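The values are calculated or read from the model by the stated rules, or taken from the named source; none is laboratory data. All of these numbers come straight from a predicted model, not from anything done at the bench. Cβ coordinates were reconstructed from backbone atoms using ideal geometry, including for glycine residues, and neighbour counts include every protein chain displayed. Side chains are part of the model used for accessible areas, which takes the heavy atoms of the whole protein and leaves out ligands, DNA and RNA. Shrake-Rupley method; radii C 1.70, N 1.55, O 1.52, S 1.80 Å.
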Amino acid sequence: MSSFDRLIEQIDAFIRKFYKNQMVKGLILFTGVFLFTFLLTTTLEYFGRFGHVTRAVLFFGFIGVNLIILTKYFVIPLLKLYSFGSRIDRFQASDIIGSFFPNISDRLKNTLQLQDSLDAQEGNIELLRASVSQRANALSVVPFASAIDLKENRRYAKYVIPLILLFVLIAFFAPSLITQGTERCIVTGK
């Protein structure tokens, strides 16, 4: 395996970790929005005892908001992770990597451009091949995937944990608020 192939593997690993990070953030966001909208909808219905139209608006609003959040912030990154749809290319990834490692930003992009020139058979082929190999060797020691730390998503959990605790407290101390409000939103005949 050539040094350029190792470099490409590192960039591809960065792209995969980039989308996994987006999925983790999306899952945290979805959990928070889901719990908030669920508690809001059931509480409003429990105390409001609305008519059919208002309950339908609450129910379908709840479903719509959560489907949008789930799709945009979890499903789309999941599809891009598995190469469905347009995903960031290696040049865009090199720009993102460059924001984490400023000292290699231009060298990484230039190496990719040199390889494109080599693939297009433009210029002195042997000189390009040697330059790409030398640059790829120098860049392959930088762990690109380490730029994204999945553990940083823990800071977003501080917004979701209170909602989880609130849900558990309500479920334990006032379960009828959840069950009756949910039942009335789902069953429009009552």
Single unsatisfied condition, VAL141 versus (1) within 27 Å of PHE14 (Cα to Cα); (2) among the β-branched types (Val, Ile, Thr); (3) open to solvent by less than 70 Å² (accessible area, probe 1.4 Å): (3)
Hits in the range 66-104 - residues which are open to solvent by less than 70 Å² (accessible area, probe 1.4 Å), closer than 27 Å to LEU114 by Cα and hydroxyl-bearing (Ser, Thr, Tyr): SER94
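Between GLY32, GLY26, which is surrounded by 15 or more Cβ atoms within 10 Å (Cβ to Cβ), closer than 24 Å to ALA174 by Cβ and among the small types (Gly, Ala, Ser)?
Working: GLY26 fails: closer than 24 Å to ALA174 by Cβ.
Result of the check over GLY32, GLY26: GLY32.
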Conditions (1) aromatic (Phe, Trp, Tyr); (2) assigned to a helix (DSSP H, G or I); (3) over 16 Å from the mean Cα position of the chain (by Cα); number of the one not met by PHE74: (3)
Answer from ILE11, ILE15 - the residue that is touching a Lys or Arg at 6+ places or on another chain (Cβ under 6 Å), at negative phi and not basic (Lys, Arg): ILE11
Residues satisfying the stated conditions in the range 43-58, i.e. among the hydrophobic types (A, V, I, L, M, F, W, C) and open to solvent by 40 Å² or more (accessible area, probe 1.4 Å): LEU44, PHE47, PHE50, VAL53, VAL57
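Residues are listed down the side, and each one gets a yes or a no for (1) of a type in the set (Asp, Glu); (2) modelled with pLDDT of 75 or more; (3) touching an Asp or Glu at 6+ places or on another chain (Cβ under 6 Å); (4) over 30 Å from GLY32 (Cα atoms):
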{"residue": "PHE74", "(1), (2), (3), (4)": "no, yes, no, no"}
{"residue": "TYR82", "(1), (2), (3), (4)": "no, yes, no, no"}
{"residue": "SER86", "(1), (2), (3), (4)": "no, yes, no, no"}
{"residue": "GLY98", "(1), (2), (3), (4)": "no, yes, no, yes"}
{"residue": "LEU118", "(1), (2), (3), (4)": "no, no, no, yes"}
{"residue": "GLN121", "(1), (2), (3), (4)": "no, no, no, yes"}
{"residue": "SER146", "(1), (2), (3), (4)": "no, yes, no, no"}
